[in-house]
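What follows is one structure encoded as structure tokens, with my remarks underneath.
Quick note: the coordinates plus some simple rules give every number you see, no bench work behind them. Note that the coordinates shown come from a computational prediction; the quantities given were computed from them, not determined experimentally. A quick note on method: Cβ atoms are made from the backbone with ideal geometry, for glycine too, and the neighbour counts reach across all protein chains shown.
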Amino acid sequence: MAEQEHKHGEMNTEVQEQTFAGFVRWMMWAAGGVIAILIFLAIFNS
């Protein structure tokens, strides 16, 4: 087996942080779009 020891806090998480930031940004746009569609439907009584 591997003789490597895991040391807490040494992993580079920059890529994961950027991915999560992109996900949150996309979800905010998606939620805004859904809200805009709901407002449109409420205004025009569709």
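A few points about this structure:
- Helix-derived mean residue ellipticity, 222 nm - over the chain, DSSP H n ≥ 4, -39500 (n - 2.57), to 500: -23500 deg cm²/dmol
- Helix 14-43 and the long axis of the chain differ in direction by around 10°, with both axes built from C-alpha atoms.
- Qualifying chymotrypsin sites (Phe, Trp or Tyr not before Pro) in the chain, DSSP loop, other Cβ atoms within 10 Å at most 12: F44
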